Amino acid sequence: MDLSCEIPKGRKLAPHEFPDPKIDTAPGTGTQTAVLAGGCFWCVEAVLKEIDGVLEVVSGYSGGTAQTADYEAVCSGRTDHAEAVEVRFDPSRVSYGRLLKVFFSVAHDPTQLNRQGADQGRQYRSAIFYGDEEQKRVAEAYIRQLDEAGAYDAPIVTEVVPLEAFYEGEAYHQSYAERHPMQPYILFTAAPKVSKLRKELPELLKGERR
């Protein structure tokens, strides 16, 4: 079976059929940041690092306190944290809305409540931690747009909440998929998502990945 083109349960549209955001941020200068949570941060990081204009992706935690921002505590499911990624990007090359398009169409399934596949618990919830009112506006508008387009058979459950803080994860989590390509979770969960992105949305990739 070709996992790279499989449409997950609950999803009606293939990634290349997802609409571009009608409401998006304007091209800018300098560096901007997005914080997103969609299940295991290894997978979300692996996908978003492929996108042209993405400068850095850091795996970590958001939603809870500094005292509980460590892997053991977060995995217990007893904190308010979600496994999340902080994405630094060049807004002259990729917009916030385009990042959300990849987040929703490839990186995770936003119809799964407090889980992603076999990973269960609130730490694996789907969430957008917005940094300002413009990011909130774009995120909420794109969710409405996907609902109107019938992108999924089930409701989108993604939380759109203000970013209080992002805490960088342990060093061994960073670039995990890149450093451990044969690890079973990476091989069977993260790698098919990256393959799907490369096949379905090649126009969004960094030049060397096209």
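Indicate the gyration tensor shape class of the range 139-190 (rounded, prolate or oblate), computed on the Cα atoms with a ≥ b ≥ c the square roots of the eigenvalues: a/c under 1.5 is rounded; otherwise a/b larger than b/c is prolate and the rest oblate.
oblate
For the chain, with a Gaussian network of springs between Cα atoms less than 10 Å apart, report the residue from 120, 174, 67 with the top mean-square fluctuation.
67
If you stretched the chain out fully between residue 148 and residue 12, how much longer would it get, using 0.36 nm times the residue separation minus the C-alpha to C-alpha distance?
Length gained, residue 148 through residue 12: 47.7 nm.
Taking the Cβ of residue 39 as the center, what net charge do the other residues with Cβ under 13 Å away carry, scoring Lys and Arg +1 and Asp and Glu -1?
Summing Lys and Arg as +1 and Asp and Glu as -1 gives 0.
Between residue 79 and residues 5 or more places away or on another chain, which pairs have amide H atoms under 5 Å apart, with H built 1.01 Å from N, and which residues are they?
none
In Å², what does the accessible area per residue of the chain work out to with a 1.4 Å probe?
Counting only protein heavy atoms, the per-residue value for the chain is 46 Å².
Using a Förster radius of 30 Å, what is the FRET efficiency between residue 171 and residue 29 based on their Cβ-Cβ separation? Nearest 0.05, please.
The computed FRET efficiency comes out at 0.45.
For residue 161 and residue 185 in the same chain, what is the full-extension length gain: residue separation times 0.36 nm, less their Cα-Cα distance, in nm?
Full extension of this stretch gives 5.8 nm more.
Can you give the calculated 222 nm mean residue ellipticity of the chain, where each DSSP H run of n ≥ 4 adds -39,500 (n - 2.57) and the sum is split over every residue, rounded to the nearest 500 deg cm²/dmol?
Helices in the chain give a 222 nm mean residue ellipticity of -6500 deg cm²/dmol.
What number, in nm² with one decimal, is the all-direction average of the projected area of the convex hull of the alpha-carbon atoms of the range 1-139? Mind showing how you got there, number by number?
Working: hull surface 35.5 nm².
Mean projected area for the range 1-139: 8.9 nm², to one decimal.
Given the options 76, 66, 165, identify the residue whose Cα lies farthest towards the positive end of the charge dipole of the chain (+1 on Cβ of Lys, Arg; -1 on Cβ of Asp, Glu).
76
Taking a ≥ b ≥ c as the square roots of the eigenvalues of the Cα gyration tensor of the range 70-192, is the shape rounded (a/c under 1.5), prolate (a/b larger than b/c) or oblate?
Verdict is rounded for the range 70-192.
How much of the accessible area of the range 31-76, in percent, comes from carbon and sulfur atoms when a 1.4 Å probe is used?
Accessible surface attributable to carbon and sulfur in the range 31-76 totals 47 percent.
If I build a Gaussian network model for the chain, linking alpha-carbon pairs within less than 10 angstrom, which residue out of 195, 105, 59 has the largest mean-square fluctuation?
In this elastic network of the chain, the residue with the biggest mean-square fluctuation among 195, 105, 59 is 195.
Percent of accessible area on the range 117-173 owned by carbon and sulfur, 1.4 Å probe?
Carbon with sulfur: 48 percent of the solvent-accessible area.
List the GluC sites (Glu not before Pro) within the range 126-210 that fall in a DSSP loop (any state other than H, G, I, E or B) and whose Cβ has at most 14 other Cβ atoms within 10 Å.
Those satisfying the criteria are 164, 170.
The values are calculated or read from the model by the stated rules, or taken from the named source; none is laboratory data. Please read these numbers as outputs of a predicted model, since none were measured by experiment. All Cβ positions, glycine included, derive from the backbone under ideal geometry; neighbour counts span all protein chains shown. Each accessible area value is taken on the protein alone, full model and side chains, heavy atoms only, with ligands, DNA and RNA left out. Shrake-Rupley method; radii C 1.70, N 1.55, O 1.52, S 1.80 Å.
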